[in-house]
Every structure is written in structure tokens, then in C-alpha cells.
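The next block holds one structure in the form of C-alpha cells; read it before the comments.
What follows is calculated from the coordinates using simple rules that are stated; it is not laboratory data. What you are looking at is a predicted structure, and each value in this text was computed from that prediction instead of being measured. Here the Cβ positions follow ideal geometry from the backbone for every residue, glycine too, while neighbour counts run over all protein chains shown.
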């Protein structure tokens, strides 16, 4: 969560007393205290949400009295972004997610009216827009195509704000470097500073430092890390844009892909220069680059702009960079597995080449995905959420292998191992259901486990078309179960003949 525009309190301890909210600073302090309480109660999402909501209410009350206060406007908007995007808090929202994001967007736009050059507000506004676009991109209703086209426009707006934010930060960083240079030159010319420094070290303070209730605004300096964070956000937004273009090529105008490609290369060159002496950021940057390259390649392949050989070669190269330290990175191994699964899906969706060689490549890609996930699951310290993800994705990869046993692919090795692959998928999905802390993901994993169990018998010709047990067992009802099955068939996780 981005840091609030906060205050530094004097170290002198004071007894707690009821706060009187008379000034903008009073409202600011009260809001920050509620935020801090919300942060302390992260383990109790309901209680945490109540504190964050109180912070929003206090900032809102302050804005009623002080509508021109940028600090109050910024903090209100930022907390609204937090509760609409933090996984632990989203489930506690009292309104639909889209409504919460729209409220956060309106608050950020108000903050930018007060201070159009506020880099933090620009950055956070772009984050809200990206979250809205991701929600639009996941729309599977009758207006899905229109939602995806709108999502592309929203992401372009987010990128424009991020670009403006970066320009402001770069100017601020140059000013910081210049001030630092001048200060260093002055320090060299002044020799009598030693006495003053010694006095300060002895604990003396300037007059007025003990004044009761004194508060000061803090302004964090713009550093190289600040610039890197903004470029990484831009790369993330571009990755989301490429993902939507891959899923729905018609959602973006024809000139969008070359524009995205050019901007991506420019940003990758920029961040490489920025991070040359920032070795602690190299792994993070390499992962962001690999994810973007993978999404770009998928979009390019599906739109016919590159061939399968280029896709494979450049994808493999992106995830083979030494800075990624793939064999030690849980996040990197999972990302590589996802990229390989996306490669498999792209090969399935686009018939470009010899069917036999394509099926062999798909088999190799899927087994490599499973190997990456297995490696990730054995790394010490893996979180429960990540472990659940490895099992869920291994289930998907195993089910893809099983589906390759049926027409039109009928891959020989897949035919011989169909039952075993279905059994593996059942176990992985069952484990994912037990480990997942998200109820919807639990239910999806349970349904997929039941489908995998059904496919074990189906692959041996022991059952045909009777899915009633699967549908009746779904805790969300038959309609939801049928929709999930249709999605699995559309994604080629199960053979088309399953519902015939």
C-alpha cells in the first residue's frame, strides 16, 4: 500500500485524550491513526476494514470543511484504492467491486484537480484504472467484446498517467541530485560545521523543538527506486493490455500492437539503464520483463505477426536470464509455468504448422510447466497461497495432457497415459481445494477434481455423457457447474466430446 501523506510526531509522550477535529491537520491525524489501526488488524479482515472505513469517513468529513486540502483528498483516495484491491479486504466490501473502484477513481480525479502535478496521485490513479480494466477484461457476459474494447482504452489512459508521473519524478530526481551536489560542495568549504554537528550529537535541540503538539509534513525524496517502481508499474500495465489483446484481438485498433511493442522496448531499455547499479532490483525487473515479453509474444502469435519458432525462442530466452535466478524463485517458476500454459493454449487456438510437430511441442511445453511447478512447491518457505497455486496449475497442465489423447489431437503418448494424467489432475485439484483460502477457487478446484475423476473412466470407455453426479455435487448449483464445464471445454482442458 502506498504510504500516506503523514505527520512526524514529536517523541515526547502525551496522554491520550479525545481528539478535537478543528483543523485540516486534526482530521489528517485522526485518519492516519485509524489507518494504522487497520494495518495492525490485518489478521482480522472485518476489523481491519472497519478501521480503514473510519479513516475514509474522517478524511471525508475533513474535506467537507476543507475541500481544498490535497492531503485529505489524497489520503481518502489512497485508502479507497487499498480496500478495493487488497485481497484480504475486497471480501469485506459492502458494495460491488466495480462500484468501489469507481468511488476510488472519482476520489483520485478530485485529488488531481487540486494538484494536477502530484506524482503520487497520478501513480495511484493509474493503478485504479488498471484494476478497472482487469475487471472489464474478465467480463464473460453478452457485452464482453464491448467491455474488452473499453478496457483497452482505460489501460491506455493509465499508461498516459504513468508516463506523466514518471516525467515529474525524473525532474524531481534531477533536482534532488543537484541539491545534493550543491550541499556536498558547501560542506567541503565550511570547516566550522564540526562544532555544530557535535552539539547536535550531544542531544541539543533548536529552540521551539519542544513545543507541544507541533506537527510537520514529511516529503520523501525521489530516488532511483522511485523511478524503477513507476517503470515496473508501466510494464505491468502493458502486460495486462497484451493479455486482453491476446484473448480478444479485435478489442484493440490495428495500430495498437506496434505501439505497445515500441513502448515496451523503450521502457525496458530505460529501466535497464536506471537499474545498472541497483543489483537488489535485478531479479524483480527480470521477472517483470519476462512476463511482458511472454504476453507480447502471445499477442503477436495469435495475431499472425510472429511464427511459432520465434515465439518459443524468445519466450525461453526471457525466462532464462541469469538475473531471474529461476531455480531459486517461487514467483519466477510459477510465472514461467503460467507462460508455458499460455504458450500451449496459443498453439491450440492457432493452427499454424504440422499437426504432429505441434502436438509434440505442446506435450513438451506442458511437461515443462509441471516440472517448474514441482520445483516451486519444494522451495523452503513457500506460502500456502503459492502452494495452492502450484497444485491448481499442475492440475490444469495434467488435464491438458489428458485432453490431448482425444480427437482431433490424439497424441500417441497422451493416448497411452490418459488415465494416469486424469488421475494426477484429480489429486492436484483436490490438494488445491484443501490449500486454497479463497472460497471460489476452492469450489472451482473441487469441480475440476470431479471432472478429472470422471475422465479417468471416460478415457477407458467406461462412461459416456452422464455428468449428473458432477452437476449435482456442485455447491453453487447446476447452472454454475455447467458454465464452468463450458469454460473448461472452451479452454481445451477437456475434450469437446464430453458434452456431446
Q. Hey, any idea what the orientation-averaged projected area of the convex hull of region 383-500's Cα atoms comes to, in nm²?
A. 6.7 nm²
Q: Can you pull the one-decimal nm distance between simple spin-label points at residue 50 and residue 182, each 7 Å off the Cα toward Cβ?
A: 5.1 nm
Q.
Can you give me the C-alpha center-to-center distance between region 394-427 and region 308-345, rounded to a whole angstrom?
A. 22 Å
Q.
Given an 8 Å cut-off on Cα distances and at least 6 residues of separation, report the relative contact order of region 383-500 as a percent.
A. 27 percent
(Q) For the chain, take the convex hull of the Cα atoms, compute a quarter of its surface area, and give me that in nm², please. (A) 28.4 nm²
Q: Determine the calculated [θ] at 222 nm for the chain from helices alone, applying -39500 (n - 2.57) to every DSSP H run no shorter than 4 residues and normalising by the residue count; nearest 500 deg cm²/dmol.
A: -24000 deg cm²/dmol
Q) Which residues does a label at residue 153 reach in region 232-267, if reach means a backbone N under 14 Å from a point 7 Å past the Cα toward the Cβ? A) 251-253
(Q) Defining a contact as two alpha carbons under 8 Å apart and six or more residues distant in sequence, what relative contact order in percent does the chain show? (A) 8 percent
(Q) When a/c reaches 1.5 or more, the comparison of a/b and b/c decides; with that in mind, is region 362-449 rounded, prolate or oblate per its Cα gyration tensor? (A) oblate
Q.
Using Stokes-Einstein with the Kirkwood hydrodynamic radius over Cα pairs, what translational diffusion coefficient do you get for region 287-384 at 37 °C and a viscosity of 0.692 mPa s, in µm²/s rounded to a whole number?
A. 237 µm²/s
Q. Which length gain, in nm to one decimal place, applies between residue 33 and residue 57 when the Cα-Cα distance is subtracted from 0.36 nm times their residue separation?
A. 7.4 nm
**Q.** Between helix 24-40 and the chain: long-axis angle, C-alpha atoms, 0 to 90°, nearest 10
**A.** 40 degrees
Q.
With angles folded into 0 to 90 degrees, how steeply does helix 144-189 sit against the dominant principal axis of the chain? Use alpha carbons for both and round to 10.
A. 40 degrees
